[in-house]
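Engineer: Have a look at this one before I ask anything.
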Amino acid sequence: MTGTGERPTDEHALAAAAARVLKFTLDGRELTARPGQSVGAALTDAGVRSWRHTRRGGRPRGLFCGIGICYDCLITADGVPNLRACLLPVVDGMRLTTSAPAKTPPAYDALAR
Amino acid sequence: MSGQHSSAAEQTVFDVAVVGAGPAGLGAAAAAARAGVRVVLIDAGHQLGGQYWRHPDESTTDPTRLAGYRDWGEFLALRERILRHCQTGAAVHLASTHVWFVEPPAAGGGRQSWTLHLMPGGPPSRETPPRTVCAERLILCPGAYDRQLPIPGWDLPGVMAAGGVQALLKGHHTLSGRRAVVAGTGPFLLPVAQQLARHGVDVLAVCEANGLARWMRHMPVVARTPAKVSEAATYARSLARARIPYRTATVLTRVDPDASGTQVGAVELARVGPGGLVEKARQRLEVDLVALGWGFTPSLELINAVGAQTRIDADQSLVAVVDDDQQSTVPGVFIAGEATGVGGAMLALAGGELAGIVAAEAGHLERARVRALRREIGRLRAFAAAMHDAHPVPARWPQWLTAETLVCRCEEVAYATLGNAITELGANDARTLKLLTRCAMGWCQGHVCGYASASLAAGGQGRALTADDLRPLAKQFPCAPVPLAHLAGE
Ligand code: FES
């Protein structure tokens, strides 16, 4: 958990942090991100606009709502499926894979019905 | 937050728990902490600000040096106050934390506090985050997200919610495209277009579905909110400077793919004529980004979780019922911000502060401030009502749908399927429609298509949309997606 209190405040620390380049891969392709970027933002900067296809129509999907509401942007990161790219921060060395999401959200199935 | 508070947070019974750290939540937390009560501020974001004050990561950017963010001075002042309260221990901030379940106080005797069940949303941290916090009173400030209407081709990559385009700009300085069109209705389209242009994006048009004539009826209200008038004037000037046409009574009727077939390539625009009829003549614009927004939908998960009463607002959004003190119909639960009626950041801030004062039981000590806040809220609510009246969702929006247009993006339910369920199978309400077609039953749980499918169900009956049409689509449990492993206590 991050939050108030653990932030570098002096300028040099901020500048050093900002200058870092994070490396990650999408289906093996090497890409870079700025620190603090979400996967969705980093992929957008890299010109990648979609990273999964829908189950029925096989339609390409990427970011839509941009803020965690729509689940269009689901992606697999380091083997964990169904993560929202718009919320997920890039971590150095992260391995992203494009994939189809599970049929329905498992927790909803367990709880909501 | 501060990891060392984690376990302590779990054992403390706070006086006030504020959920959400946008304008309403920050106003509420600062006011309650100022009154001297113990406050916990729980927020899904990894840093303070919510959607409105979203900004680049504070580990790389000093927020006090940012320029071009709206009402930024207000944010910095609030942030400073909250940080100070956190340092003195008067407040605890739990960042990247979702509330997925709300347990009410035990009936009769027993524990009299609310228990919020939490789930960490951020990257794994060294400390064990608290799984629950308890508080005597709650202030819920969940905010809102862009309301959407289906349009043929709207699921192509490159078509985004206007707020999402803005979130990428504000949070990451990331451009979602190079040639954009911004469409829908309401004043929020203007800052989105302005910010895109400022970042060098070619904005070909802002399409406002309504004319501006309806504002004329509301001149007395408008005159009482000079800040809004000068804000509008500023946008008008910057749009003019960037040579962005602001087209009124114009809707985006279709999105076409580019040559690759995998992303947006062009859009089709049409004028809205008398009686809301979309005219036949179409104009084409080649774009690689479409930003859409039809007002906002408040997030009601927590409001439904506590059982607070809801109503339909002037903009056809389901919102929480609150009194003059921002109290909901559930004792001990206050609600502020967009969830009480979409009205913008300054209204949210005032409502949050009022809720904070009253929830901290400091109303009698701050009588003058309470009166001033109520006046401010009244004034801004009146402006919001005028705005909703001037920028309704076009009554005849289904005109631009085709049989294949996906209404529900998650379950890929086409308009024809819904139409069939309504006319042939007799689905006359949103709940039946949902069961028959799986519309609104996918990953987003109706957040995106809820308004549209409820309107189609009501429209199929030839009646106006009611709160009962919207309620079945707004009730979700759990309040946030929660992995089974977390439930199992792993
Ligand atoms: S883009 Fe909507 S959830 Fe990520």
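The values are calculated or read from the model by the stated rules, or taken from the named source; none is laboratory data. Small disclaimer: the values here were computed from a predicted structure and weren't measured. For neighbour counting, all protein chains shown are included, and Cβ atoms are generated from backbone atoms with ideal geometry for every residue, glycine included. Calculation scope for accessible area: heavy atoms of the full protein, side chains included, ligands and nucleic acids excluded. Shrake-Rupley method; radii C 1.70, N 1.55, O 1.52, S 1.80 Å.
Engineer: Which value, in Å to one decimal place, does the Kirkwood hydrodynamic radius take for the protein assembly as shown when every pair of different Cα atoms is included?
Structural biologist: 24.5 Å
Engineer: If Rh is defined by the Kirkwood formula over all Cα pairs and Rg also comes from Cα, what ratio Rg/Rh do you get for segment B:239-284?
Structural biologist: Result: Rg/Rh = 1.08.
Engineer: Size of the dipole of the protein assembly as shown about the Cα centre, Lys and Arg at +1 and Asp and Glu at -1 on the beta carbon, nothing else charged, in debye to 20?
Structural biologist: 1100 debye
Engineer: OK, next. With a 1.4 Å probe and all protein chains kept in place, how do B:His218, B:His364 rank by accessible area, largest first?
Structural biologist: Sorted descending by solvent-accessible area, the residues read B:His364, B:His218.
Engineer: Using a 1.4 Å probe and counting only protein heavy atoms, how much accessible surface gets buried when A and B come together, both sides summed, in Å² to the nearest 100?
Structural biologist: That pair of chains buries around 5200 Å² in total.
Engineer: Could you state how much accessible area B:Asp323 has, in square angstrom rounded to the nearest 10, with a 1.4 Å probe and all protein chains kept in place?
Structural biologist: The accessible area comes out at roughly 80 Å².
Engineer: Taking the alpha-carbon distance from B:Lys170 and a cut-off under 18 Å, which aspartates and glutamates remain once sequence neighbours fewer than 8 residues away in the same chain are dropped?
Structural biologist: Within reach: A:Asp45, B:Asp57, B:Glu58, B:Asp62, B:Asp71, B:Glu74, B:Asp146, B:Asp202.
Engineer: So, one more: Once you have the Cα-Cα distance between B:His173 and B:Ala464, take 0.36 nm times their residue separation minus that, and quote the gain in nm to one decimal.
Structural biologist: Between B:His173 and B:Ala464, full extension yields an extra 100.6 nm.
Engineer: Tally the DSSP beta bridges in segment B:39-148 and give the antiparallel ones as a percent, rounded to 5.
Structural biologist: If I count the DSSP bridges inside segment B:39-148, around 70 percent turn out antiparallel.
Engineer: Mind checking Rg over Rh on segment B:401-474, alpha carbons, Kirkwood formula for Rh?
Structural biologist: 0.92
Engineer: Using a basic spin-label model with each label point 7 Å from the Cα along Cα→Cβ, how many nm lie between B:Leu83 and B:Ala372?
Structural biologist: It is 2.5 nm.
Engineer: Just to be sure I understand the interface: list residues from segment B:141-175 that lose 40 Å² or more of accessible area between the chain on its own and the complete protein assembly, 1.4 Å probe.
Structural biologist: B:Tyr145, B:Asp155, B:Pro157, B:Met160, B:Leu168, B:His172, B:Thr174
Engineer: What distance in nm separates the two pseudo spin-label positions at A:Arg55 and A:Glu30, each 7 Å out from Cα along the beta-carbon direction?
Structural biologist: Result: 3.7 nm between the two label points.
Engineer: Principal axis extents for segment B:376-425, Cα atoms only, whole Å, descending order, please.
Structural biologist: 48, 22, 20 Å, listed from the longest principal axis down.
Engineer: Which residues in segment A:32-64 have a backbone N closer than 17 Å to a point placed 7 Å from the Cα of A:Ala18 along the Cα-to-Cβ line?
Structural biologist: A:33-38
Engineer: Tell me the accessible surface of B:Arg284 in square angstrom (1.4 angstrom probe, heavy atoms of protein chains only), to the nearest ten.
Structural biologist: The value for B:Arg284 is about 140 Å².
Engineer: Given 20 °C and 1.002 mPa s, how large is the Stokes-Einstein diffusion coefficient of chain B in µm²/s, with Rh as the Kirkwood radius over Cα pairs?
Structural biologist: 91 µm²/s
Engineer: Just need the relative contact order of segment A:23-101 here, percent rounded to a whole number, with Cα pairs under 8 Å and 6+ apart.
Structural biologist: Value for segment A:23-101: 38 percent.
Engineer: Please identify every one of the GluC sites (Glu not before Pro) in segment B:402-447 that sits in a loop by DSSP and has no more than 10 other beta carbons within 10 Å of its own beta carbon.
Structural biologist: Passing sites in segment B:402-447 are B:Glu424.
Engineer: Separate question: Take segment B:148-294, compute every pairwise Cα distance, and split them into 5 Å bins from 0; I just need the percent in each bin.
Structural biologist: Distribution as computed: 2, 9, 19, 22, 20, 14, 8, 4, 1, 0, 0 percent.
Engineer: If you count only protein heavy atoms and use a 1.4 Å probe, how large is the accessible surface of B:Val182, to the nearest 10 Å²?
Structural biologist: That residue has around 0 Å² of solvent-accessible surface.
Engineer: Compute the relative contact order of segment B:401-474 as a whole-number percentage, counting only Cα pairs closer than 8 Å that sit 6 or more residues apart in sequence.
Structural biologist: Relative CO of segment B:401-474 lands at 29 percent.
Engineer: Another question, if that's okay. Please identify every one of the trypsin sites (Lys or Arg not before Pro) in segment B:417-452 that sits in a loop by DSSP and has no more than 16 other beta carbons within 10 Å of its own beta carbon.
Structural biologist: Here the sparse-neighbourhood loop sites are B:Arg438.
Engineer: Quick check: at a probe of 1.4 Å, how many percent of the accessible area of chain B sits on carbon and sulfur atoms?
Structural biologist: The C+S portion of the solvent-accessible surface of chain B is 54 percent.
Engineer: Okay, next question. Would you be so kind as to list the residues of segment B:445-474 that have their accessible area lowered by at least 50 Å² in the full protein complex compared with their chain by itself (1.4 Å probe)?
Structural biologist: Hits at the 50 Å² cut-off: B:Gln445.
Engineer: How far is helix B:345-359 tilted, in degrees, relative to the longest principal axis of the Cα atoms in chain B, given as a value from 0 to 90 rounded to the nearest 10?
Structural biologist: The answer is roughly 30 degrees.
Engineer: State, as an integer percentage, the relative contact order of chain B based on alpha-carbon contacts under 8 Å between residues 6 or more apart.
Structural biologist: 17 percent
Engineer: Same structure again: Find the centroid of the Cα atoms in segment B:171-190 and in segment B:222-258, then give the distance between the two in whole Å.
Structural biologist: Taking the Cα centre of each part, segment B:171-190 and segment B:222-258 sit 11 Å apart.
Engineer: Relative to the compact globular guide of 2.2 N^0.38 Å, what is the alpha carbon radius of gyration of segment A:23-101, as a ratio?
Structural biologist: Dividing the Cα Rg of segment A:23-101 by 2.2 N^0.38 Å gives 0.98.
Engineer: Here's something else I'd like to know. What number comes out for accessible area per residue over the protein assembly as shown if the probe is 1.4 Å? Units Å², please.
Structural biologist: Computed with neighbouring chains in place, this is 40 Å² per residue.
Engineer: What distance in nm lies between label points placed 7 Å from Cα along the C-beta direction at B:Thr248 and B:Ala403?
Structural biologist: Between B:Thr248 and B:Ala403, the label points sit 3.9 nm apart.
Engineer: Report the Cα centroid-to-centroid distance between segment B:437-464 and segment B:269-301 in angstrom, as an integer.
Structural biologist: 18 Å
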